[in-house]
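Undergrad: What follows is a structure written as structure tokens; I'll ask about it next.
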Ligand code: NG1
Ligand code: MG
């Protein structure tokens, strides 16, 4: 397990091969060199002292349960956000200059430190979350933590290659990379855990009431390992090997190319889901234990009387929901008026407790469907983790602890299928209970399964963005060709080769955040 005192690795530029898996390294060397050269032409007479990097992630399983307090299982991808930084050593104003290598899309900005109480203003008008806001989130989070009166000024050049709006967490990769850059510029060596917690908290300044999966994955991931993240009773990140079976496991990410602008739709999608799970937790807490619970995890802990999540408790709670909610409310949800009766709270109490922190718009609140998804999905994460753990420990999943099975490949087949089944169930639940899929994602998942995926599901918040599919490694090429022929060619006939390579690609569990010191 990662230690809470672990620090972010600091590497010389000559060692970036430790970060990027082999076939990529030449391209990465070129990318870093170009970034440094561009920096020098952007900021004459200056050169970056260091580059911070933080990767995006793909969530293998455990969707929309991080903010309910349950464990999730993502892995970092090699696509990341780089922030090249030079520090103004004697600048009294704490000036910050930010620019992006993609200047057409992301305009340069600058500001001055506005004092300890304000630091910098972040204005997120409904519908608009400028890229500079994400920068300000990471920056502000660190300065608040440092509680300083005279932060270092800095000039920065950003190069991000995590596709945005794709559920691969470009936003968190950016916030984490900036948080790291800001702490390094101010000579602070914060632990991984501190950087993660600061990034989680500060990304919420952009208007989404997010969980902590993405930032944790970005900071703690290790090469060739998925990450089993638990948020309670305290944040822990456990690197776990995916089963090494024959033929090896591969994951392919395929972008539906439906962009999900989650900040814009947050009041009717993401933030509403957070509220629905919180309303469900409040209801269950009072009903079962006479206690006000803040999330579904707390309900589970009260039921198990421990702070460990066990399958039997999740199964009990999932089953309890069946008889607890009337059929009509299971199907149609609860109106605000119906909620007042269910929760025994007035409308204004419900408003104050659940609907003011982040804007939310809804006619109906689906307590049954959302909480059912959360308990079942939390159980699937446990199952997935158990299969990986059993394989890591003794090379066998529990059903296959039998030499003969391994010799004739039955064990490997079973492992594959049990992981795939969990991913498929996860997608079905996201689609039918959590309502966070969309037509294109469902179609893409279907095509992926037809093309040989053993499991396929939406990844990230949904409502667009990417799918992740579990494939036998020897089938990756034919799989990709199948998806191109059946999804991309008919729906997006004009994509270039480069756009296709960006839309669908195999990925390996990548390395977490790092600081690269420039010569
Ligand atoms: P994406 O879709 O990558 O933005 C979001 C949340 C996660 C998690 C997932 C759903 C942010 C920063 N991240 O991810 O915390 O709740 O949705 O599982 O908003
Ligand atoms: Mg995001």
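Undergrad: Which whole-number percent gives the relative contact order of the range 412-519, counting Cα pairs below 8 Å spaced six or more residues apart?
TA: Averaging sequence separation for qualifying contacts and normalising by length gives 21 percent for the range 412-519.
Undergrad: Which value in Å does the Kirkwood hydrodynamic radius of the range 150-206 take, with 1/r averaged over all unlike C-alpha pairs and then inverted?
TA: Every distinct Cα pair counted, the radius reaches 12.4 Å.
Undergrad: If you don't mind, there's one more thing I want to ask. For the residue pair residue 330 and residue 289, what label-to-label distance in nm results when each label sits 7 Å from Cα along the Cα-to-beta-carbon direction?
TA: Going by the 7 Å Cα→Cβ label model, 2.5 nm.
Undergrad: Any idea how far apart residue 319 and residue 149 come out in nm if each label point goes 7 Å out from Cα toward Cβ?
TA: Distance between the two pseudo-spin positions: 6.3 nm.
Undergrad: Expressed as a whole number of Å, what is the distance separating the alpha-carbon centroids of the range 29-56 and the range 407-483?
TA: Answer, in whole Å: 37.
Undergrad: Starting from the Cα gyration tensor of the range 60-169, take the square roots of the eigenvalues, sort them a ≥ b ≥ c, and report rounded, prolate or oblate (rounded when a/c is under 1.5, otherwise prolate if a/b is larger than b/c, else oblate).
TA: Prolate shape, in that a/c is at least 1.5 and a/b is the bigger ratio.
Undergrad: While we're here: Listed highest first by mean packing, meaning other Cβ atoms within 10 Å per residue, what order do 18-27, 75-84, 325-334, 469-478 come in?
TA: Descending mean neighbour count gives 75-84, 469-478, 325-334, 18-27.
Undergrad: So how far apart, in nm, are the two label points at residue 130 and residue 383 if each is 7 Å from Cα heading toward Cβ?
TA: For residue 130 paired with residue 383, the spin-label model returns 4.8 nm.
Undergrad: Also, I was wondering about something else. Between the range 70-96 and the range 302-365, what's the alpha-carbon centroid distance in Å?
TA: With the range 70-96 and the range 302-365 each reduced to a Cα centre, they are spaced 38 Å.
Undergrad: Hey, could you get me the Stokes-Einstein D for the range 83-131, Kirkwood radius over alpha-carbon pairs, 20 °C and 1.002 mPa s, rounded to whole µm² s⁻¹?
TA: The Stokes-Einstein estimate is 167 µm²/s.
Undergrad: Apply 1/(1 + (r/R0)^6) to the Cβ-Cβ distance of residue 13 and residue 123, taking R0 = 51 Å, and write down the FRET efficiency to the nearest 0.05.
TA: For residue 13 and residue 123, the calculated efficiency is 0.90.
Undergrad: Ratio of Rg to Rh for the range 465-519, alpha carbon only, Kirkwood?
TA: 1.12
Undergrad: Grab the Cα-Cα distance for residue 311 and residue 392, subtract it from 0.36 nm times how many residues apart they are, and report the gain in nm with one decimal.
TA: 27.1 nm is the gain from fully extending residue 311 to residue 392.
Undergrad: At R0 = 30 Å, how high is the FRET efficiency between residue 6 and residue 49 if r is their beta carbon distance? Nearest 0.05 is fine.
TA: 0.85
Undergrad: Another question, then. Work out how much length residue 428 to residue 341 would gain on full extension: take 0.36 nm times their residue separation and subtract the Cα-Cα distance, in nm to one decimal.
TA: 28.2 nm
Undergrad: Now a separate question. Could you work out Rg/(2.2 N^0.38 Å) for the chain, with Rg from alpha carbons only?
TA: Relative to the 2.2 N^0.38 Å estimate, the chain comes out at 0.97.
Undergrad: Same structure, new question: Relative contact order, percent, of the chain when contacts are C-alpha pairs under 8 Å separated by at least 6 residues?
TA: Relative CO of the chain lands at 24 percent.
Undergrad: Next question, about the same structure. For a paramagnetic label modelled at 7 Å from the Cα of residue 89 toward its Cβ, which residues of the range 133-154 fall within the zone defined by backbone nitrogen distances under 16 Å?
TA: It comes to 152-154, nothing else.
Undergrad: Now for a separate question. For residue 497 and residue 26, compute 0.36 nm times the residue count separating them, minus their Cα-Cα distance, and round to one decimal in nm.
TA: Computed gain between residue 497 and residue 26 is 167.6 nm.
Undergrad: Which of rounded, prolate, oblate describes the range 208-284, given a ≥ b ≥ c as roots of the alpha-carbon gyration tensor eigenvalues and a/c under 1.5 marking rounded, otherwise prolate only if a/b is larger than b/c?
TA: Taking the square roots of the gyration eigenvalues as a ≥ b ≥ c, the range 208-284 is oblate.
Undergrad: Just the Cα atoms of the range 1-88, one point each, no solvent: what log10 I(q)/I(0) does Debye give at q = 0.20, 0.21 Å⁻¹?
TA: With one equal scatterer per Cα and no solvent, log10 I(q)/I(0) is -1.05, -1.11.
Undergrad: R0 = 56 Å: FRET efficiency of residue 109 with residue 234, Cβ-based, nearest 0.05?
TA: FRET efficiency, residue 109 to residue 234: 0.95.
Undergrad: Name the shape class, rounded, prolate or oblate, that the alpha-carbon gyration tensor gives for the range 402-485, where a ≥ b ≥ c are the square roots of its eigenvalues, rounded holds for a/c under 1.5, and otherwise prolate holds if a/b is larger than b/c and oblate otherwise.
TA: Here the range 402-485 falls in the oblate category.
Undergrad: Taking the convex hull of the alpha carbon atoms in the range 109-253, what volume per residue do you get, in Å³?
TA: Value for the range 109-253: 132 Å³ per residue.
Quick note: the coordinates plus some simple rules give every number you see, no bench work behind them. All values reported here derive from a predicted model rather than from experimental measurement. Every residue, glycine as well, gets a Cβ built from its backbone with ideal geometry; the counts of neighbours run over all protein chains shown.
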